[in-house]
Amino acid sequence: MIPEKAMRIDGVVDGFDFAEAGARMHALATRLFPICRSITGPGLRETLRILGEAAPLELTEVPSGTAVFDWVVPKEWIIREAWIKGPDGSKVVDFSESNLHVMGYSTPVKARMPLSELRPNLHSLPDQPDRIPYRSSYYKENWGFCLSDARLRSLPEGEYEVRIDSELKDGSLTYGEWLLPGAREEEVLIFAHACHPSLANDNLSGLGVASELAAMLRRCERIYTYRFVFAPTVIGPITWLARNEAKTGRIRHGLVLALLGDAGHPTYKRSRRGNAPIDRAMAHVLARRGGPHVVKDFSPYGYDERQFCSPGFDLPVGCLMRSANGTFPEYHNSGDNLEFLKPASLADSLRICAQALSVLEGDGIYVNQNPKCEPRLGKRGIYDGLKGKPNLGDTELALLWVLNYSDGKHGLSEIAERAGIAFGDIRKAADLLEGCGLLKRSEIDNRRE
Ligand code: ZN
């Protein structure tokens, strides 16, 4: 399963062309953008089929009506066409122009009515008159159209013909998983939602970063087992958790990926635990990255960390975003398009995730084998090994920190934090010291699953 000459993830990250990955993620988003996704149905399946081209996704179909904790898997929604014709017979709103034009989960309609009667079913954004809002009504049967406020204001009084050719039928909810086995059964969960229609940053960015991360991890030797889950938001993780409750004990770290491609700076939202290893790894990577970023505490509002961090699970799952949900004008409207999605931001988000995973994978507790006074490094050839390395100062310091705090109690990530040195340098120092017998992995650490 793991290629023979697999490298550790930190080695792969060092030589990785992130700019090229940024372009690939944008190309994937461009391909997925026109698909009319929803929380169930053909658009969600088509999206998962395309993601599965990289490596086969294990698909699960959960029938409508299945009870999942306090919820029920909804009926499947199928949409074929939707339009409104004005008094002169011309189409004034047409789903074939943008799949944001029809409210998600709209029930079928075939009717004629005056504008005044149609008006309550028309949604626009008066503050952003040229944008089409994104609306859905998953759990209450309703129908509606979304259009720009400019278009709405231009509609004349008169008789309108309204048609929504949709179906709500018993079917199933689909989710897809990639499982990448590692040396340990303990899992890292990566979740991205896949249910938003033509919105680029809000869902396609997460799918792209998750796919690239999975591709990168496939080339690596892995300590942890990685589980990638692609599912509709809210009902998706609820359904997954309901069906996999027994497995959740294996989840040691987790990340929800969303909104990773706008030009804003990164935002990491801590898990409910607040001090989980993923929280510390992300804070470390962001602090060392340079440039503005935000690390904020958990709140029960946002993306699907809400389910993973519900008190009955309280899993160590954080959420990485750039500009947070609801804080930018393009959120949930047609402004969240392919131009809003920046390849450089996608690449930067991928790098942050890969570096955080490098911390989790590379962390460990070690024991200094020569703890009484400092060992002489020169006679062990360590300094020879460092010659020609750009950062001799930091690496030398890192050696001293690792030797001093590797007493079987402090892990490498903790030492990196304490020393204010990048985890990668601490890890390299540990490799050098282990290579010459001055450091041994602690037995307690080795006994971990
Ligand atoms: Zn959203």
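The values are calculated or read from the model by the stated rules, or taken from the named source; none is laboratory data. Keep in mind that this is a model prediction, so the values were computed, not measured. Positions of Cβ are generated from backbone atoms using ideal geometry, with glycine treated the same way; all protein chains shown enter the neighbour counts.
Filtering the range 184-217 down to residues that are in a strand (DSSP E or B) and not small (Gly, Ala, Ser), which residue is farthest from the ligand (Cβ to nearest atom)?
Taking the range 184-217 and keeping what is in a strand (DSSP E or B), we get 187-193.
Next cut, not small (Gly, Ala, Ser) only: 187-191, 193.
On the way: 187: 26, 188: 24, 189: 20, 190: 18, 191: 14, 193: 7 Å.
By that ranking, first place goes to 187.
Residues to consider are 242, 344, 246; find the one that is more than 13 Å from the ligand (Cβ to nearest atom) and free of Cβ contacts under 8 Å to residues at least 60 places away in the same chain.
Just one listed residue meets the conditions, 246.
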Tally of residues being surrounded by fewer than 19 Cβ atoms within 10 Å (Cβ to Cβ) and under 20 Å from residue 44 (Cβ atoms) across the range 109-137: 2
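Being at pLDDT below 95, touching a helix residue (DSSP H, G or I) at 6+ places or on another chain (Cβ under 6 Å) and surrounded by 14 or more Cβ atoms within 10 Å (Cβ to Cβ) narrows it down to one of 365, 382, 352, so name that one.
Numbers: 365 fails: at pLDDT below 95; 352 fails: at pLDDT below 95.
Exactly one of 365, 382, 352 is at pLDDT below 95, touching a helix residue (DSSP H, G or I) at 6+ places or on another chain (Cβ under 6 Å) and surrounded by 14 or more Cβ atoms within 10 Å (Cβ to Cβ), namely 382.
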Given the conditions (1) under 28 Å from residue 210 (Cα atoms); (2) within 16 Å of the ligand (Cβ to nearest atom), which single one is not true for residue 131? (1)
I'm checking my understanding of the structure. Among residues of the range 70-88 that are touching a residue at least 40 places away in the same chain (Cβ under 8 Å) and of a type in the set (A, V, I, L, M), which one is surrounded by the fewest Cβ atoms within 10 Å (Cβ to Cβ)? 78
Return only the number of the condition from (1) surrounded by fewer than 24 Cβ atoms within 10 Å (Cβ to Cβ); (2) within 29 Å of residue 274 (Cβ to Cβ) that residue 215 does not satisfy. (2)
Does residue 406 meet the test of being modelled with pLDDT of 95 or more, closer than 28 Å to residue 255 by Cα, not assigned by TED's automatic domain parsing to the domain that holds residue 206 and not aliphatic (A, V, I, L, M)? no
Within the range 333-347, the residues that are part of a loop (DSSP other than H, G, I, E, B) and either under 14 Å from the mean Cα position of the chain (by Cα) or over 20 Å from residue 191 (Cα atoms) (or both) are 334, 335, 336, 337, 338, 339, 340, 342
Which number in (1) closer than 25 Å to residue 358 by Cβ; (2) touching a Leu at 6+ places or on another chain (Cβ under 7 Å) marks the one condition that residue 228 misses? (2)
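Going through 146, 195 one at a time, which residue ends up being farther than 25 Å from residue 71 by Cβ, touching a residue at least 12 places away in the same chain (Cβ under 8 Å) and touching a strand residue (DSSP E or B) at 6+ places or on another chain (Cβ under 9 Å)? It would help to see each step written out before you state the result.
Numbers: 195 fails: farther than 25 Å from residue 71 by Cβ.
It is 146.
Report yes if some residue within the range 100-107 is in a strand (DSSP E or B), closer than 28 Å to residue 59 by Cα and of a type outside the set (Ser, Thr, Tyr); otherwise report no. Give the derivation first.
So in the range 100-107, the residues in a strand (DSSP E or B) come out as 102, 104, 106.
Then drop every residue that is not closer than 28 Å to residue 59 by Cα, which leaves 102, 104, 106.
Going one step further and asking which of them are of a type outside the set (Ser, Thr, Tyr), we end up with 102, 104.
Within the range 100-107 (the criterion being in a strand (DSSP E or B), closer than 28 Å to residue 59 by Cα and of a type outside the set (Ser, Thr, Tyr)), the answer is yes, since at least one residue qualifies.
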In the range 15-36, is there at least one residue being more than 19 Å from the chain's Cα centre (by Cα) and among the aromatic types (Phe, Trp, Tyr)? yes
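Among what's in the range 289-306 and is part of a loop (DSSP other than H, G, I, E, B) and within 27 Å of residue 240 (Cα to Cα), pick the residue that is farthest from the ligand (Cβ to nearest atom). Let's see the steps before the verdict.
Residues of the range 289-306 part of a loop (DSSP other than H, G, I, E, B): 290-293, 297-304.
Narrowing further to those that are within 27 Å of residue 240 (Cα to Cα): 297-304.
Numbers: 297: 21, 298: 19, 299: 16, 300: 16, 301: 12, 302: 10, 303: 8, 304: 10 Å.
Across the range 289-306, the extreme among qualifying residues is 297.
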Of the residues that sit in the range 249-287 and are buried (at least 19 other Cβ atoms within 10 Å of the Cβ) and of a type in the set (D, E, K, R), which one is nearest to the ligand (Cβ to nearest atom)? 262
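Count, please, the residues in the range 307-326 that happen to be within 16 Å of the ligand (Cβ to nearest atom), without any contact (Cβ under 8 Å) to a residue 60 or more places away in the chain and under 14 Å from residue 269 (Cα atoms). Show your work before the answer.
So the first thing to find is which residues in the range 307-326 are within 16 Å of the ligand (Cβ to nearest atom), and the list is 307, 319-326.
Checking the rest, the ones that are also without any contact (Cβ under 8 Å) to a residue 60 or more places away in the chain come to 326.
So of that shortlist, the ones also under 14 Å from residue 269 (Cα atoms) come out as none.
Looking only at that region, the number is 0.
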Name the one entry in 168, 118, 155, 125 that is under 23 Å from residue 202 (Cβ atoms) and hydrophobic (A, V, I, L, M, F, W, C). 125
Apart from one, (1) part of a loop (DSSP other than H, G, I, E, B); (2) more than 25 Å from residue 310 (Cα to Cα); (3) not small (Gly, Ala, Ser) all hold for residue 233; the odd one out is (2)
Would you call residue 49 among the basic types (Lys, Arg) and either outside any loop (DSSP other than H, G, I, E, B) or assigned by TED's automatic domain parsing to the domain that holds residue 147 (or both)? yes
